[in-house]
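The values are calculated or read from the model by the stated rules, or taken from the named source; none is laboratory data. As the structure is a prediction and not an experimental result, all values here were calculated from the model. Methodologically, a virtual Cβ is constructed for each residue, glycine included, from the backbone with ideal geometry; neighbour enumeration extends over all protein chains shown. Heads up: the accessible areas ignore ligands, DNA and RNA and are worked out on the full protein's heavy atoms, side chains in. Shrake-Rupley method; radii C 1.70, N 1.55, O 1.52, S 1.80 Å.
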There are 2 protein chains.
Amino acid sequence: MLETSARLLRLLSLLQTHREWSGAELAQRLGVTGRTVRRDVDRLRELGYPVHATAGVSGYRLGAGSTLPPLLLDDDEAVAVAVGLRTAAGGGVTGIEESSVRALVKLEQVLPARLRARVGTLQSMTVPLTAAGPTVDPELLTAVAAACRDHEGLRFDYQSHDGSETTRLVEPHRLVSSGRRWYLIAFDTTRDDWRTFRLDRVRLRTPGGRRFVPRDPPETDLAGYTTRMISSAPYRYRGRFTVHAPAAEVGARFPPAVALVEPLDEGSCTLVSGANSLDEMLFYVMSLGVPFEVHEPGELVDHIRVLIGRLTAALPD
Amino acid sequence: MLETSARLLRLLSLLQTHREWSGAELAQRLGVTGRTVRRDVDRLRELGYPVHATAGVSGYRLGAGSTLPPLLLDDDEAVAVAVGLRTAAGGGVTGIEESSVRALVKLEQVLPARLRARVGTLQSMTVPLTAAGPTVDPELLTAVAAACRDHEGLRFDYQSHDGSETTRLVEPHRLVSSGRRWYLIAFDTTRDDWRTFRLDRVRLRTPGGRRFVPRDPPETDLAGYTTRMISSAPYRYRGRFTVHAPAAEVGARFPPAVALVEPLDEGSCTLVSGANSLDEMLFYVMSLGVPFEVHEPGELVDHIRVLIGRLTAALPD
DNA sequence: AGGGGTTAGGTCAATTCCGGTCCTAGGTGT
DNA sequence: ACACCTAGGACCGGAATTGACCTAACCCCT
């Protein structure tokens, strides 16, 4: 029944806006019997959303489960999420820029027009206040990210080092961020080869290209690109680790501009990573939550020793 | 049928992750016939989500409608949204801090534990890099906001001006942000009166208070609080406007620390607003999208004249 | 310790809906 | 012109949904 699905969504929405609801109130809001509300709650639980309930006084509450339920946002909240994601994508060193862009593409694809305008104006208010250095236009960022995701060609003017402009027609493959910069890895169809473009030098043109079937980027090239990025990026330290987890799993956790992962055997791999401070580098590796060993740099080894000492001293007697 | 609802959600999720899908592919992924997919698409459309379709080559695409569909995020995206919202809530001058906090409460309420940990560590990475001045702990912020939303009592230690600490038991009413600071308006049950607390001086204790029935805050007091905030806040300009829209509507668009709204008649009201620049102030009023008149300050009037001149000159012949 | 309010869940009957299998029409791009 | 895709009608057997009623268990407050 269509009505049932819609009611489940409404119920989920209600449970997200207020923490606690009584069965009777939910029944009234949804226009059904209390018995049906209990059945709907059961349905949500079967779908994996943990609805806790306590008898006595005011009872149903949505808790945190193992999987994230669909988020039902109102207008203001949607705008806040979009603005937040834009600034997060704009960047830094936390390594979530690419996830932010993915989420942003998802959101902006379905964002009602009236809200889109508000996001734009608010963003233009906040950027000049927080930006330090060249930032990339969020509109451009999401447009290119969407093209990568959907395998749609791109046409743009590109300004090279010497200032000359050329028009490119490419098949976008992937966006990677490094510090405050964004790079596009794409197959340049006119030059018939893979190229990387600095996004802040891209001026998108309409119409773009047509849809294309993604071609495999040469593995060695992508890895080579990554090492180049690591060595050329303004990272102060470069670390080498052996991580006891499958290479695929480790690689999925790092943006390609930050780390190079090479498999050693089934359950371990070598990780080469760049970072600006010893703590940051350690943070990256520690966040994996798996055993590892440090090979370089020596300072990091010393640093870890110091940390161990501090931690030990911090223990109660 | 439970399966139908789950399938609709899966379909929505698929349509959000890729822009375009063919009916056959959707049918395969969902494990049903193509006919059923068409029916499901119809159901989504009946629910108000505009699914565009183009015949010929690969066809279904989710567009932007009048209402935001439920967002279905994967783990990384959820973490990105949470981190983005936390920094957006942490502050500034854009006026979306309170929406951010509301969205954040919604998200963190249902965020799986494994993701919560990642949000925390990532946040701790980014804060020391971007913070300038005292920021408020996002955990505290969401906890207090949730208590306001759900009418749950709070117990905390409060550090007053002279450094002395007292334990308070309050019924939280509302959070307001002003610049980088957050204030809690609450009814202090031990002192039996309304108080405002600076959030960065609050140290939450467990357990909190019990649920309470919200009492009406004295209207005059809240308005008085707002004017006090405006005059005491570090705003450089203070503007006075007549806005041709109902007071309730205008008031809903501003955080209370930014603007004071008083009704004139059915369809218009007086707006007193603080801002740090003429452009920012103008932005606030312009964003309403309704007619208005400027009374103060004189500089703003001059500024508007200049802007009009520039805009006029910008017109093509 | 007791009572009121609330969640939980079983059962039953009537209604309604769902999914698959046909079918044809109409559009797009090659 | 042809292949491929979306759109939608008709039909049918099986299955799910809903509301009503009733009982059990639980929590909080007095």
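Using modelled backbone amide H atoms (1.01 Å from N, in-plane), which distant-in-sequence or interchain residues come within less than 5 Å of residue B:174's amide H? Sorted by chain and number, the residues that satisfy this are B:185.
With 15 Å as the cut-off, how large is the P(r) tail for the stretch B:2-62, expressed as percent of Cα-Cα pairs? Counting every Cα pair in the stretch B:2-62, those more than 15 Å apart make up 41 percent.
The 3J(HN,Hα) values that the Karplus relation (6.51, -1.76, 1.60; θ = phi - 60°) gives for the stretch B:102-114 are, in residue order, 4, 5, 5, 4, 4, 5, 5, 5, 10, 6, x, 4, 5 Hz. Gly and Pro appear as x. Shielding value for A:275-282 is 1, the average number of Cβ atoms from other chains within 10 Å of each residue's Cβ.
Considering only protein heavy atoms and a probe of 1.4 Å, how much of the accessible area of the stretch A:2-62 is carbon and sulfur, as a whole percent?
With neighbouring chains kept in place, the figure for the stretch A:2-62 is 47 percent.
The interface between chain B and chain A buries about 6300 Å² of solvent-accessible area in total (1.4 Å probe, ligands and nucleic acids excluded). Counting, for every residue in A:4-13, the Cβ atoms of other protein chains within 10 Å of its Cβ and taking the mean gives 4.
Averaged across B:96-107, how many Cβ atoms of other chains sit within 10 Å of each residue's Cβ atom?
Mean inter-chain Cβ contacts per residue within 10 Å come to 6.
Residues whose amide H lies under 5 Å from that of residue B:74, counting only those 5 or more places away or on a different chain, are absent; hydrogens are built 1.01 Å from N in the peptide plane.
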